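Bear in mind these aren't lab numbers, they're just calculated from the coordinates by the rules spelled out. Predicted model only: the values in this text are computed from it and were never measured. Cβ sites come from the backbone with ideal geometry, for glycine too, and all protein chains shown count toward neighbours.
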Amino acid sequence: MESLLESGLLIAFIGVLMISEAVILSRRYRTTGRGKIPRRFVLNLAAGATLMLAVQSAVWDASTALLLILLGLAGIFHLREFTEYWRGD
């Protein structure tokens, strides 16, 4: 498991699953009109993807500046998502 994390394959696999999830949910909404509007979950997926990149960057001993940028972006995505829920969009 450690070798999967260090190689980046584990995070890449999770990323593929996240993209697949976004495509499936978007298609379902477009074809049936059921489910969440894609803009309701895209920010959440973007925040998750950014956090996964931060984890991988930490495993690869990336610079502190890069880690802070990735974590900051994830926080911005979450904050934006929160404000949309708060407003009722």
Label-point separation in nm, Val59 to Glu84, each point 7 Å along Cα→Cβ: 2.8 nm
Positive-end residue, the chain charge dipole about Cα centroid, Cβ charges, pick of Gly33, Gly75, Ser7: Gly33
P(r) over all Cα-Cα pairs of the chain, 5 Å bins from 0 to the longest distance, whole percent per bin, short to long, reads 3, 14, 19, 18, 19, 13, 9, 5, 2, 0
Based on the Cβ-Cβ distance of Val42 and Ala12, what FRET efficiency does E = 1/(1 + (r/R0)^6) give at R0 = 25 Å, to the nearest 0.05? 0.80
Charges only on Cβ, +1 for Lys and Arg, -1 for Asp and Glu: so what's the dipole of the chain about the Cα centre, in debye to the nearest 20? 740 debye
Net charge, Glu21 excluded, C-beta distance under 14 Å - Lys, Arg +1, Asp, Glu -1: +4
With angles folded into 0 to 90 degrees, how steeply does helix 9-32 sit against the dominant principal axis of the chain? Use alpha carbons for both and round to 10. 10 degrees
Compute the long axis of helix 64-87 from its Cα atoms, compare it with the longest principal axis of the Cα atoms of the chain, and write down the angle in degrees, 0 to 90, nearest 10. 20 degrees
